[in-house]
Amino acid sequence: MKIIIYILFFLIGIFIGSFINLAIYRIPLKKNIFTERSFCPKCNHKLGFMDLIPLLSYIFLKGKCRYCKEKIEIKYFLIELLSGIYIVLLYVSMNFRYYFFEINKIIYFFSLVFSYVIIILISEIDKKNRSINKSVLIFGVIVQCFYIVYSFIINSCVFYRYSVFLGLLILVLIFEKYIKKINKSNYYIELISFVLYINLIIDSILFALVCLVTLIFSLWDKVIKVVKRKANLQSIDYKEEMTNQNKVSIGYYIGFSTLVVILMQNFTVYFT
Ligand SMILES: [Zn+2]
């Protein structure tokens, strides 16, 4: 029985991952994420049902477009796989036992699944464009506010902490808009809004842990880059790529660290 539930959540996860892939590609281009049919970004050919099965299509097509034979980025496959695994782990971490009496826990679980989607979207878009997507962020904040109000009514959670962060977040968003008007977009101000959003999801103490994990992730990435650079010292293309990569997408690391910390927190809360 357990195995069937795990498989079910894995399937839900990879479909969520498939949606995330589509959204990561379309949102920065300001394309509609619901109406348009999917197409290959290289040859623009419309994709059929058989090209859109999460994980399997990539495996059967051997990572190439059916129509133009161009390589499909492995990133798409990895995000689907990661989403499947993450949703299963999230489910396991909740340690559900008496489903019918655990409505609060179920709603909390779904709020975390939703936060996962928002955080991955912001992280991946940041990795690619080095900018925090405001529409995604605001959508995430609105839904999170509903959840906070719900838990306030049910569990009378500490409301003032959230209102402080929410107030700050609104101020930052207004300030950012003002700065953009005088034609300067500031990545660090965008980052602050992302950090404030994360503080609406997890406790501030846990956020300290997020910072620590972020540091570990980014250092690890640096080490890998240095090793790669030593191996590819001769290649000119690679040197150019390195100068482009000098600007770090901090939001990307913060996002992934948050997802790891959320899992860690759940496991410690529900298994002790
Ligand atoms: Zn193609």
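Odds and ends about this structure:
- Cβ-derived FRET efficiency at R0 30 Å, L168 paired with R130, nearest 0.05: 0.85
- Student exercise, the chain dipole from Lys, Arg, Asp, Glu Cβ charges, in Debye to nearest 20: 820 debye
- Excluding same-chain neighbours fewer than eight residues apart, the lysines reachable from K2 by a Cα-Cα span under 20 Å are K105.
- Prolate/oblate/rounded call for segment 1-94, Cα gyration tensor, a/c under 1.5 rounded: prolate
- Trypsin sites (Lys or Arg not before Pro) lying in DSSP loop within segment 70-172, provided at most 14 other Cβ fall within 10 Å: R97
- Stretching the chain fully between F100 and R229 yields a gain of 40.9 nm (0.36 nm per residue, less the alpha carbon separation).
- Residues whose amide H falls under 5 Å from that of F39, counting only those 5 or more places apart or on a different chain, are L47, with hydrogens built in the peptide plane.
- Within straight-line reach of K69, meaning a Cα separation under 19 Å, sit the following lysines at least 8 residues removed in sequence or on another chain: K42, K46.
- Among M50, M264, M94, M1, sorting on how many other beta-carbon atoms sit within 10 Å of each Cβ, with the fewest leading, yields M1, M50, M264, M94.
- At an R0 of 22 angstrom, the distance between the Cβ atoms of L215 and L263 translates into a FRET efficiency of 0.75.
- In plain terms, the chain from I138 to F49 could stretch by 28.8 nm, reckoned as 0.36 nm per residue minus the Cα-Cα distance.
- Helix-only mean residue ellipticity at 222 nm for the chain, each DSSP H run of n ≥ 4 adding -39500 (n - 2.57), per residue, nearest 500: -25000 deg cm²/dmol
- The chain: DSSP helices with Cα axial extent of at least 15 Å and average Kyte-Doolittle hydropathy no lower than 0.5: 2-26, 74-94, 103-129, 134-155, 159-181, 187-201, 204-231, 250-270
We did not get these values from a lab; they are worked out from the coordinates using the rules stated. None of the values given here were measured: they were computed from a predicted structure. So basically every Cβ, Gly included, is an ideal-geometry build from the backbone, and we count neighbours across all protein chains shown.
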